[in-house]
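Everything on this sheet refers to the single structure shown next.
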Amino acid sequence: MRISPNPLRGQQFPAVLLLVAAGLGLLFANLPTHDAIAGLLDYHIAVPGTSLDLSVAHWVSDGLLAVFFLVVAIELRHELTHGELDSPRKAVQPAIAATGGVLVPIAVYLLIAGDSATVSGWPIPTATDIAFALGVLAMFGRGLPSRVRVFLLALAILDDIIGIIFIAVLFAHDVQWLFFGLAIVGVAVFWALSRLLHAKGHPLIAIAMAVVGIVTWALVASSGIHATIAGVMLGLVMAPVPAGRTRHALEPTVNGAILPVFAFVAAFVVIPAVSPTQLSPAFWGIVVALPVGKVIGISLFGWLAMRIRPRGADPALPFADILAAGALGGIGFTVSLLLANLAFAADAGIRDQAILGVLVGSLIALAVSGVFVSLRARWYRRLASAAS
């Protein structure tokens, strides 16, 4: 009997699950259930003998999300060494497009929300959610050539790299270099253990790696650098075979539990009872910069990249395909939600409106990209039908 594949390893179901979780978070935040759930999310849990004392919401964003970033880093390393970005020839076109997909949304955001109260939100609309973008592509893109998916995947991976840099550099605070230095030692030990596991495969080595990974995360969290960076560092240094097995083992948990829980918690915001004109410029900056800034930046820079591609590079994508990829790039979601929480951590009112901006902007981009991708897929299917 044929066993159906796990839907949590696919692209469509995790994207739908993420959207539903965010919708439920927004719904329950605006029902009488708000106070009970808010009290639970604000409840603090301390680790005895350490300085770690985080609310449940922070355990989700700093702890659980570090596992997500571990998986992301493993994917990044694979793509940079054996995948779609393993040579300058492959990377140059999506790199140029990704540059436009970062610079133009920043410019759009600053034009709308560049005053002193909201200027710190400029990194928020720079992210692309790989899971969502590929999920929409899988849902509506039947018939599209594989190189469209390859271009989008490379583009989103480069966006992830930029987002990780933003998190590590812009949102560090009162850095305790001793703790961070000890975390680097932990990363080195983790690297060595992963090579031993690659060679010997002993379960005690895997247990030791898990312990070292948790200690390293705690040290990064105590250092003042955002704790998710621990997941990035550990994922980047893990030996290929253990890394592949770790990714395979964690993928259903990340897609089915960690990301939906984070989406629920991040989207748990009260919709302000004000007129649209009274909403923060941060809200409008993100709402416009995600779907509009991304599609303009990726499409324009992507078109330029196709015109100046090096000799031996893949054939140029048609502009309409680049436009569809640009629309998909406007689905910010996971990393944009995290950036919104970090950028406005000191102002809950603006933070909540920025989160609403991410949800609305990503939904607009999702709808627009669904239309663009469907039209292109239909065109390719007609072309294939006529050719046969």
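General remarks:
- In the range 129-144, the residues that are aliphatic (A, V, I, L, M) and either out of contact with any Leu (no Cβ under 9 Å at 6 or more places or on another chain) or open to solvent by 40 Å² or more (accessible area, probe 1.4 Å) (or both): A138, M139
- Looking across the range 166-183, the residues that are part of a helix (DSSP H, G or I) and either touching a Gly at 6+ places or on another chain (Cβ under 8 Å) or surrounded by 13 or more Cβ atoms within 10 Å (Cβ to Cβ) (or both) come down to F166, I167, A168, L170, F179, F180, L182, A183.
- The C-beta contact set for the range 225-251 (first residue closer than 21 Å to W177 by Cα and in contact (Cβ under 8 Å) with a residue 40 or more places away in the chain, second residue β-branched (V, I, T) and part of a loop (DSSP other than H, G, I, E, B), distance under 9 angstrom, 6+ apart or interchain) comprises I225/V175.
- Where a residue in the range 317-333 is open to solvent by 10 Å² or more (accessible area, probe 1.4 Å) and its partner, wherever it lies, is at pLDDT 90 or above and small (G, A, S), with Cβ under 6 Å and at least six apart: L323/S299
- Exclusive hit being touching a helix residue (DSSP H, G or I) at 6+ places or on another chain (Cβ under 6 Å), farther than 21 Å from A289 by Cα and touching a residue at least 24 places away in the same chain (Cβ under 8 Å), set F132, F180: F180
- Some residue of the range 103-113 being part of a helix (DSSP H, G or I), modelled with pLDDT of 90 or more, among the β-branched types (V, I, T) and open to solvent by 40 Å² or more (accessible area, probe 1.4 Å): yes
Quick grid of which residues meet (1) more than 30 Å from L153 (Cα to Cα); (2) touching a helix residue (DSSP H, G or I) at 6+ places or on another chain (Cβ under 6 Å); (3) of a type in the set (S, T, N, Q):
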position	(1), (2), (3)
A15	no, yes, no
L19	no, no, no
T33	yes, no, yes
Y43	yes, yes, no
L54	yes, no, no
V60	no, yes, no
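- Every pair of residues 6+ apart whose Cβ atoms lie under 7 Å, when the first sits in the range 366-388 and is free of Cβ contacts under 8 Å to residues at least 60 places away in the same chain while the second is open to solvent by less than 70 Å² (accessible area, probe 1.4 Å): F372/L323; F372/A324; F372/A327
- Scanning the range 337-352 finds no residues that are closer than 19 Å to L144 by Cα, part of a helix (DSSP H, G or I) and either at pLDDT below 95 or not charged (D, E, K, R) (or both).
- Whether a residue is in a helix (DSSP H, G or I), open to solvent by 40 Å² or more (accessible area, probe 1.4 Å) and touching a Ser or Thr at 6+ places or on another chain (Cβ under 7 Å) was assessed, and F190 does not pass this test.
- Any hit, the range 46-58, residues being surrounded by 15 or more Cβ atoms within 10 Å (Cβ to Cβ) and not hydrophobic (A, V, I, L, M, F, W, C): yes
- On the stretch given as the range 239-287, residues that are open to solvent by less than 20 Å² (accessible area, probe 1.4 Å), part of a helix (DSSP H, G or I) and under 30 Å from G201 (Cα atoms) total 5.
- Any chance A340 is in contact with a Gly (Cβ under 6 Å, 6 or more places away or on another chain), open to solvent by less than 10 Å² (accessible area, probe 1.4 Å) and aliphatic (A, V, I, L, M): no
- Within the range 114-127, considering residues that are aliphatic (A, V, I, L, M) and buried (at least 16 other Cβ atoms within 10 Å of the Cβ), the one nearest to I286 (Cα to Cα): I124
- Which numbered condition I161 misses (of (1) open to solvent by less than 30 Å² (accessible area, probe 1.4 Å); (2) over 22 Å from R9 (Cβ atoms)): (1)
- The range 1-99 holds helices (runs of 4 or more DSSP H) entirely within its bounds, and those carrying 1 or more residues that are within 27 Å of A210 (Cβ to Cβ) and among the small types (G, A, S) map to 12-29, 65-81.
- The range 343-365, subset within 21 Å of N255 (Cβ to Cβ) and touching a Leu at 6+ places or on another chain (Cβ under 8 Å), residue surrounded by the most Cβ atoms within 10 Å (Cβ to Cβ): V358
The values are calculated or read from the model by the stated rules, or taken from the named source; none is laboratory data. Only a predicted model underlies this, so the values are computations on that prediction, with no experimental measurement involved. When we count neighbours, we look across all protein chains shown, and the Cβ atoms used for this are built from the backbone with ideal geometry, even at glycine. Surface areas here come from the heavy atoms of the whole protein model, side chains and all, with no ligands, DNA or RNA. Shrake-Rupley method; radii C 1.70, N 1.55, O 1.52, S 1.80 Å.
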